[in-house]
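A short write-up of the structure that comes next.
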Ligand code: PMV
């Protein structure tokens, strides 16, 4: 009997970035990465297989999907169907609880929630490592959204061993993020295309994987020491090394917008005045500030002088996947 299954997955922001694939089809990364799962940003996805359907019916935020986003979901469902040996289609209804078009990694929460809901609806009982590997096939960053807190995606070598492991699911020190929403337009260059272009053309890319692995080891030590300043320094430097590879690609590109630099300057200014805060950025112009809850009011006050209050979103660490 078919039944509807609903799963919730929270998005995550990498402190050590995944950047570049070793295997594009299986989404095996060139380097391991480490992220923080965030409480307020999540996706709820319901999947129900239905014999009456002649094709998958995919709704994201109430909109029936006919184009690109829908195709990625269909390809993912094919993978699930293949594993269980079924050929019926499904209703997929996905709602992003991330401010609309905020550009905040909805593919991470989206594919993690889809992996959990679709596999269970199809009759597969996957444990969390297996769910993480399945989510990886939808989007690299989704690999990590199966778990809460600090999560490491161990790059592995193949489909069977490239998966996330929880590094610290329950965080007992003061760390959170402020997401600064700068540009609600869709990304100019999707992360998938951006990293492919970088791997293929940047003469600086070959230095990235080893440098990221080194940063990852240092980050793990910093987390165990609960050293917020060191965590912030490492995350900021790692993000900028990633962004340096876009400027050195052919043709060169950047995810920075003028407001990105403005946000970075505010963070640096606060730091010069003794406020502990650091920035990171993904494949888009938005800036995420890494800080303590204690320092957040001061940082928000400074940011509000330049950015609208409703573009500043405070995010505490969040949990892993759940079924509703
Ligand atoms: O898996 P994707 O396509 O969402 O790629 C994510 C890449 C970065 O966000 C830039 C880094 C990361 O580790 O999340």
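Each value in this text was obtained by applying a stated rule to the coordinates, not by laboratory testing. Because the structure is a prediction, the values reported are computed rather than measured. Backbone-built Cβ (ideal geometry, glycine too); neighbour counts: all protein chains shown.
Some values worked out for this structure:
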| read-out | value |
| --- | --- |
| Gain upon complete extension [residue 305, residue 271; 0.36 nm per residue less C-alpha separation] | 10.6 nm |
| Largest-first principal axis extents, alpha carbons of the chain, Å | 63, 40, 37 |
| For the range 5-172, the Rg and Dmax computed from alpha carbons only, in angstrom | 15.0, 49 |
| C-alpha long axis of helix 208-224 to longest principal axis of the chain, angle in ° | 80 |
| Of 36, 104, 230, the one that fluctuates the most in a GNM where the chain has Cα springs shorter than 10 Å | 230 |
| Principal axis dimensions, the range 176-315 - Cα atoms, whole angstrom, descending | 43, 37, 23 |
| 161, 127 arranged by Cβ crowding within 10 Å, fewest neighbours leading | 127, 161 |
| Approximate spin-label separation residue 204-residue 293, in nm, with each point projected 7 Å along Cα-to-Cβ | 3.7 |
| Shape box of the range 260-319 [Cα atoms, principal axes, largest first, Å] | 32, 24, 20 |
| Cα Rg, Dmax (largest Cα-Cα span) when computed across the range 219-260, Å | 13.8, 41 |
| Degrees between helix 68-84 axis and first principal axis of the chain (Cα, 0 to 90, nearest 10) | 60 |
| Helix 258-272 vs. the chain, principal-axis angle (Cα, 0 to 90°, nearest 10) | 50 |
| Among 154, 63, 262, residue whose mean-square fluctuation peaks in a GNM of the chain (springs only between Cα atoms under 10 Å) | 63 |
| Ascending count of other beta-carbon atoms within 10 Å, so fewest first, for 170, 306 | 170, 306 |
| GNM result for the chain, Cα springs below 10 Å: residue of 152, 25, 213 fluctuating most strongly | 25 |
| Approximate shape of the range 237-294 as ellipsoid semi-axes (Cα gyration tensor, √5λ), whole Å, largest first | 24, 11, 10 |
| Packing-based exposure ordering (other Cβ within 10 Å, fewest first) of 144, 133 | 133, 144 |
